[in-house]
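Since every read-out is calculated from the coordinates, none of them should be taken as a lab result. The structure displayed is predicted, hence computed values, not measured ones. With ideal geometry, Cβ positions are generated from the backbone for all residues, glycine too; neighbour counts draw on all protein chains shown.
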Amino acid sequence: MHATVLNRYATWHWQRAVGIAEKSNAAPPDFTTTRAFVLRENAPAPSMTEVKDFFRFYIASSCGRITENGRPTTESMVSRAEAFYRAFKHETGTETDPQQHTEIYRWMRRVLTAEGVLEDKKKEKYNLDCIALDRLLHAIWSDLTVPHERVRIQLHLLFMLYVTTGARIGALFAGNVTYKNKDIEIVQTRREGGGYRFFWRFDQRFVKNNRNTENDTFGSSARDHDVLLYCATALLLSLAFADDAMFGFDSLQSLYELEIPEGDNEIILRWNEDVLDLPIVRSIARDGTVTGKQLTESSFRQSFNKALKLAGYVGVSPSIHQIRRYLGKQVDERYTEVERSQHLTQSDRNIFGASYVANCSSVDGLGAFLGEQADHTAVNFFQGLEKFREHGAPIVLPAAIERALWQEEEVVKLQQRIELSEDSTARSKLVGALRNLRRKLKAKALESYRQQWVRERRDWKVLTRGKVAPEVSTAEGNQLVNFVPALERVEKLMLSMSPLSPENMRQAMQDLYVLASTGFSILYYPGEEPVAGECRFCGTNMSSMYVSTSPIVA
């Protein structure tokens with residue numbers, strides 16, 4: 001957000017300078033030069049009039065996401081103003097007047113809202129609870145379009161980190177989460193009744209207002225779980241062994257052979273030195289190549305949105321804060337205020353009360369009034385995402401509707417400009433603009449189509465009194481299971497939700513390791529894989545037969 005608001009500020013200055021240059025017949029200034037000048041070290045702070053003029057420009061060039069008329073919302077612009085003051089000080093070192101801050105916020109909330117420039121509308125707050133989490137994780141394991149099976153494990157692990165720690169979304173992406181002990185530390189301990197189990201600590205460094213990210217960390221503990229869907233340890237270890245990251249072990253089997261000496265209760269494990277800077281959750285190319293770069297926040301957001309659609313949710317935007325809000329509610333019921341503040345790295349009571357509660361009350365008012373035991377069925381439904389879910393909701397646009405989009409006037413005009421363009425640079429820009437326009441139109445049309453589908457399906461349930469089930473297209477089964485038996489076994493265990501014995505959990509971890517460590521861009525039936533890089537039937541060298549270069553997609 002800081003880079004965006006500063007770029008807008010520089011653009012506002014640049015456009016003013018261009019206008020002045022045109023009036024005086026002078027050469028227009030360069031944008032890069034203008035930006036460097038207005039954001040130079042010790043640059044003067046803008047006056048009240050300049051800030052107001054800048055934000056009128058900012059508002060005019062912005063489009064609100066939750067308002068029907070497209071106007072930005074009041075609180076979103078107040079947040080942009082707060083970000084601008086922080087970013088300006090960070091970039092230039094110049095302090096701005098706190099009284100000016102207060103006046104600008106008041107001006108936005110009262111004057112611009114009264115003028116209709118901004119709309120006083122707030123995004124409704126919902127909780128992503130256990131039910132929604134289960135559906136989301138099941139959708140990840142049933143997705144048919146992942147470029148590598150490691151993608152499923154990484155996304156699953158990220159969600160488990162968020163539900164365990166309550167971290168803000170940026171905490172896992174502002175800096176690389178690597179195998180260094182200051183990021184993740186894992187320990188083997190004794191299990192009650194015999195055997196061993198693992199627990200580990202995940203440290204957040206990039207948390208709100210932490211100015212010493214190198215030395216100040218905020219740790220959260222994690223532990224084993226007998227249900228594979230909730231066992232983040234199995235996911236972490238499968239990735240670690242796929243990356244050859246565990247010191248002293250060359251396989252999961254060798255880890256299982258580790259015994260805790262008599263007199264000790266734990267063994268602290270460590271990572272290999274050569275992987276300490278390797279991100280655990282990494283980007284993956286279209287051809288299935290696992291890169292050495294950290295997965296981006298943008299890619300994660302896209303995957304989050306996709307999984308929510310696959311899970312059948314319509315008309316609600318995904319947000320990690322929905323997980324954080326639900327965890328905050330649960331922690332608030334079980335722990336002290338100090339413990340809650342430590343875990344969520346949020347100590348302000350006012351902020352917790354304003355931002356960490358859903359729009360629907362958590363109280364069973366009738367039960368409280370009558371002195372009966374509370375029934376939170378309705379509370380959980382209206383605070384959660386279930387009212388937005390409809391089984392079988394479409395995730396693709398019908399071809400006829402999509403074809404109609406390409407006949408819209410704006411699309412046709414752009415196509416005509418491309419056909420008439422003779423300059424290669426201009427043509428390339430127009431092609432990019434057409435691609436972006438089509439993507440936006442398609443996304444908007446798909447959302448509208450999904451919401452209409454849900455409305456008609458729910459109407460049909462009422463009209464048939466629920467006795468005649470409407471047709472719902474069933475998704476194709478994952479055909480990869482014929483080539484990757486480990487995927488079929490893991491997928492069944494993820495869906496079963498049954499507690500696993502230690503032996504079955506070990507087998508599941510082995511299957512997860514196979515999925516994380518094996519490339520599946522070329523598939524073979526079991527028993528037909530190449531031997532030493534050669535076809536087992538004719539001896540042909542297989543390595544020279546495939547060449548692929550693709551951009552990163554996950």
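Key figures
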read-out: The range 183-239 versus the range 42-89: alpha-carbon centroid distance in Å; value: 40 Å
read-out: Neighbour cut-off at most 13 other Cβ (10 Å), DSSP loop, GluC sites (Glu not before Pro), the range 48-151; value: 68, 95, 124
read-out: Over 19 Å (Cα to Cα) - which of 89/122; 121/306; 309/444; 306/440; 309/440; 123/387 fall in this group; value: 89/122; 121/306
read-out: Sorted by Cβ neighbour density within 10 Å, fewest at the top, the residues 23, 182; value: 23, 182
read-out: Helix-only [θ]222 nm of the chain, DSSP H runs n ≥ 4, -39500 (n - 2.57) each, per residue, nearest 500; value: -15000 deg cm²/dmol
read-out: Angle between the chain longest axis and helix 150-165 axis [Cα atoms, degrees, rounded to 10]; value: 70 degrees
read-out: Distance histogram for the range 399-463 (every C-alpha pair counted, 10 angstrom bins, percent rounded to whole numbers); value: 19, 37, 23, 13, 7, 2
read-out: Rounded to the nearest 20 debye, dipole of the range 399-463 from Cβ charges on Lys, Arg, Asp, Glu; value: 420 debye
read-out: Calculated SAXS-style log₁₀ I(q)/I(0) at q = 0.07, 0.09, 0.11 Å⁻¹ - the chain, Debye, Cα scatterers; value: -0.55, -0.91, -1.31
read-out: Value of relative contact order over the chain, rounded to a whole percent, pairs C-alpha under 8 Å and six or more apart; value: 17 percent
read-out: When the range 1-57 is reduced to its Cα atoms, the Kirkwood hydrodynamic radius in Å; value: 12.0 Å
read-out: Dimensionless Rg/Rh of the range 324-453 - Kirkwood Rh, Rg from C-alpha atoms; value: 1.26
read-out: Principal-axis tilt of helix 485-496 within the chain, Cα atoms, nearest 10 degrees; value: 70 degrees
read-out: Residue order, fewest to most surrounding Cβ atoms within 10 angstrom, among 382, 159, 173; value: 382, 173, 159
read-out: Virtual spin-label span in nm between residue 482 and residue 404, 7 Å along Cα→Cβ; value: 3.7 nm
read-out: DSSP-loop GluC sites (Glu not before Pro) across the range 233-293, with at most 16 other Cβ within 10 angstrom; value: 257, 259, 262
read-out: Pairwise label distance in nanometres, residue 421 with residue 316, each label 7 Å out on the Cα-Cβ vector; value: 4.1 nm
read-out: Loop-located trypsin sites (Lys or Arg not before Pro) in the range 230-336, at most 15 other Cβ atoms within 10 Å (DSSP); value: 270, 286
read-out: With Cα atoms, 0 to 90° folded angle of helix 502-517 axis to the chain main axis; value: 50 degrees
